[in-house]
Amino acid sequence: MTELDDHGRPEPPLGGDELATLVGFLDYQRATLAWKCAGLDATGLDATVGRSTMTLGGILKHMAYVEDYWFSERLHGHDPSPPWAAADWEADRDWEWHSAAADTPEQLRALWQDAVIRSRALVTEAMADGGLGRPARRPWDNGTAPSLRWILVHMIEEYARHNGHADLLRESVDGETGE
Amino acid sequence: MTPESVPIVSGMTESDSPWEPPLAGTEVEHLVGALERLRATFRWKADGLDEAGLQKRIGASTLTIGGLLKHLAVVEDYMFTIKLSGEPIGEPWDAAEWDEHEWPFTSAAGDTPAQLYALWDGAVARSRARLDAALAEGGLDQLAHVSDGDGHHASLRRLVCDLIEEYGRHTGHADLLREAIDGLVGEDPPPGWRATSGG
């Protein structure tokens, strides 16, 4: 059993192999986002800071989308899952950010949590089907495709960056801080 | 920050966006590539600011981009001296209170922009040389000096991932600070970007 810290986060391995380390860091970042959003009501999840329009609710919905985009649509070539398939991306490229304001905190947390559960299973599936070097099934328009390794490292960066946004948002909502 | 921004950037040539990691490289290429991409992104967000910009705060936070430049300079040197090899942190920190958590953040207010950019640029240059040497010597599996106190040492892989995480988080802080300073937003530096301030 992996040890959890005071905020319910699993510490990444000190001397793990490549897969254990990448997945360990990704899960730590996911748990950090859950902590930064924990216990907030709709007003807290919809607060902004400085000049930015970002919100914690928007980050939750964006990360749910990004989880599905990389691990389901790109890595496995699956069709977009709801609600992404139903969204009008033509009308609003940042639909997931903006539409989050109309969702309840419970909906936003469930949307993100379910996406994370799907992603974990999809990574396990890809590991059994070629490992970290396995290319994404859906390449980009120029024919190149990122490897599973690329996607995992990218997701760690993506979460860490948004957790930096979450730090400043959460501090402005109720003063809670911490790494 | 939509995922769609990635394919556009990855189609650029290496000389336009030297910070982009390879799509299907080795583990070392990916981890060092991710670190370099974040360093370039952080440096872009911090670039070209005057004293007022470097000391700007938002919301309830005391963080500033000037403080982040100095903090990350300390973290760079700390990671690849004390944590990696157990050697002293060395210049320019050994006479400073670098190991007090708040010092880099608070003392940055007394530094000039040129000093802050030079601190970060110098630390990154040292880190690149130290990490290259360590990778040539023993790769990512090698055990670093730092341990949990029970004899379990961190691998170099863990240290590099720690630094990626550290940069990602602080670049997120820099995103919101920079937007409040002059409205600059975006996920990656524009193609062809080079730092304009510092040495």
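Residue count for the range A:11-39 under the criterion of being more than 16 Å from the chain's Cα centre (by Cα) and buried (at least 17 other Cβ atoms within 10 Å of the Cβ): the result is 7. Within the range A:77-116, being assigned to a helix (DSSP H, G or I) and over 13 Å from A:V66 (Cα atoms) holds for A:H98, A:S99, A:A100, A:A101, A:A102, A:P105, A:E106, A:Q107, A:L108, A:R109, A:A110. Is there a residue being of a type in the set (G, A, S), more than 14 Å from every other protein chain (Cβ to nearest Cβ) and either closer than 30 Å to B:A52 by Cα or exposed (fewer than 15 other Cβ atoms within 10 Å of the Cβ) (or both) anywhere in the range B:134-146? Yes, the conditions are met somewhere in the range B:134-146. The set of residues from the range B:149-198 being more than 7 Å from chain A (Cβ to nearest Cβ), of a type outside the set (A, V, I, L, M) and not in a loop (DSSP other than H, G, I, E, B) comprises B:D162, B:E166, B:Y167, B:R178, B:D182. For the structure I just gave you, tell me whether B:A24 is in contact with a strand residue (DSSP E or B) (Cβ under 7 Å, 6 or more places away or on another chain) and at the interface with chain A (Cβ under 9 Å from one of its Cβ atoms). The answer is yes for B:A24.
Considering the range A:159-176, and only residues there that are acidic (D, E) and more than 8 Å from chain B (Cβ to nearest Cβ), the residue that is surrounded by the fewest Cβ atoms within 10 Å (Cβ to Cβ) turns out to be A:D174. Within the range B:72-90, being part of a loop (DSSP other than H, G, I, E, B) and crowded, with 20+ Cβ neighbours inside 10 Å holds for one residue alone: B:L84. Report the residue count in the range B:133-148 for those that are in contact (Cβ under 8 Å) with a residue 60 or more places away in the chain, of a type in the set (A, V, I, L, M) and not in a strand (DSSP E or B). The total comes to 2. None of A:P146, A:P139 is closer than 16 Å to A:W70 by Cβ, without any contact (Cβ under 8 Å) to a residue 40 or more places away in the chain and more than 17 Å from the chain's Cα centre (by Cα) except A:P139.
Every read-out reported here was derived from the displayed coordinates using simple, explicitly stated rules and does not represent laboratory data. Not measured: the values here are computed from a predicted model. Glycine gets a Cβ as well: all are built from the backbone with ideal geometry, and neighbour counts include every protein chain shown.
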